[in-house]
Amino acid sequence: MGYRTLLRDHRSVLGIAFLAMFSSSLGQSYFIGLFQAPLSAHLGLSIGQFGTAYALVTLIAGFFMLRFGPSIDWINPRRFAASVLALLLIGVMLLTLSPWWWLGVVGLGIVRLCGQGMLTHLGNTLAAREFSTLRGRAMGLASLGIPLGEVVLPPLVAVALVWASWQTSWWLLCGLLAAIWLGLLLKAPWPSAPGVKPTKRTAHGPRPFREKRFWLLLPLLMALPITMTGLFIYQTQLTQSLDSSLAVYALALSGMGIAKLPGALLGGRWVDKLGPVRLARLYLLPYALAMLMAITLGGHISIWALMVGGGLAMGAQELISSGLMIKLWGAEHFGRVRSALSAAMVFSTGIAPAVLGLALNAGVSFQTLLVGMLLFIITGWLLAQPVLREASLIPLER
């Protein structure tokens, strides 16, 4: 069965998962970064204060993700989606309309939780859980929602900001997404909940944070989101250090979104054929080579290399990480394990801007930070090898 047949026979579930991934753009770092200047002015925060607030609310969102993410294993997906979407709209309302800075920061945290956290969690979990032999292809199709947002939304926002305020731009996008979601919630067939809520007597299953193999695998899976978050948030310092420009960066950002498409589609096919373990050993190679090019060459070509290399790796990241989670812990506990991974990623991407900001304030050059990022990628790859060897001995289906 190819992609065309998969779309024909399972378009409802795939459509829901795809839209969840696309809608997660509202809480992604790249989208919020488009509004960083007007947001800071609206909240009355300096750049440093905004970065600190962003890191803080992201960390808090990670704790909530860890607490409520596993509920997707027993809550009806339709009700789960409706709750997350309603909370997301409340967050956007607080962020864009609140006259008090602290309430706006609360709204920012809700947007981060529901966008990057819960909606991505919903899309990935549905695509991974509702399919077995074609899991890689299904996840590849669903994950296309994120690169589509990265390609489409930045130019749309740029155009909207010419004739409308940044608040109006947010609400126009929210209104469009709400209309599509309302149709799916009312008319589309949704899968049922896979299990029942565990009690203290019946609670069982893995506890990833208590397992050594989870901690050994984390650096490999977090290297890409951590370093890319730094490139997103500190794009001005990156382009200055590499002797490039923000205009080139903006074009390369769209190139990153386009590069995610083959990363997701080919990655989905390769996950089904080769398995996630082999790909886990290779998928960061384009990004690592791009990082090496940026360190040694600089210039416009390095910005393009970082964005395209990162895009190729990011397109395959969710497919590979989810495949590894299912192989190591089983599909029946996927919601629990993936919420732990999501929480860890939210924590790390919240801390990364603060750490990099302190380093930049201390006078560390961005070129030096790129060297540190490359060493982090290599270290994560080395630490993960024992777990990948273990996973290679487990049958593909659990």
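Brief remarks follow.
- When region 99-119 is filtered for residues that are open to solvent by less than 10 Å² (accessible area, probe 1.4 Å) and more than 19 Å from Ala55 (Cβ to Cβ), only Leu119 remains.
- Failed item in (1) at pLDDT below 85; (2) more than 27 Å from Leu56 (Cα to Cα), with Ala352 passing the rest: (2)
- Subset of region 282-320 that is over 18 Å from Gln235 (Cα atoms) and not in a helix (DSSP H, G or I) - its residue that is most open to solvent (accessible area, probe 1.4 Å): Leu282
- Matching residues in region 5-25 - criterion: being touching a residue at least 40 places away in the same chain (Cβ under 8 Å) and polar (S, T, N, Q): Ser12, Ser23, Ser24, Ser25
- Matching entry among Gly267, Gly230, Gly323 (being assigned to a helix (DSSP H, G or I), within 20 Å of Gln28 (Cα to Cα) and touching a residue at least 24 places away in the same chain (Cβ under 8 Å)): Gly230
- Test: residue in region 173-184 that is within 21 Å of the chain's Cα centre (by Cα), in a helix (DSSP H, G or I), surrounded by 24 or more Cβ atoms within 10 Å (Cβ to Cβ) and aliphatic (A, V, I, L, M): no
- Lone qualifier among Leu274, Leu297, Leu289 - being more than 17 Å from Thr229 (Cα to Cα) and modelled with pLDDT under 85: Leu274
- Subset of region 222-240 (residues that are over 20 Å from Ala55 (Cα atoms) and touching a helix residue (DSSP H, G or I) at 6+ places or on another chain (Cβ under 7 Å)): Thr239
- Helices (runs of 4 or more DSSP H) enclosed by region 53-145 - at least 3 residues per element that are of a type in the set (A, V, I, L, M) and under 16 Å from the mean Cα position of the chain (by Cα): 120-129, 135-143
- Residue within region 340-348 that is part of a helix (DSSP H, G or I), under 23 Å from Leu388 (Cα atoms), within 13 Å of the chain's Cα centre (by Cα) and of a type in the set (Ser, Thr, Tyr) present: yes
The values are calculated or read from the model by the stated rules, or taken from the named source; none is laboratory data. Given the structure is predicted, the values throughout are model-derived calculations rather than measurements. Cβ atoms come from the backbone with ideal geometry, glycine included; neighbour counts cover every protein chain shown. To get the accessible areas, we keep the full protein, side chains included, count just its heavy atoms, and leave off ligands, DNA and RNA. Shrake-Rupley method; radii C 1.70, N 1.55, O 1.52, S 1.80 Å.
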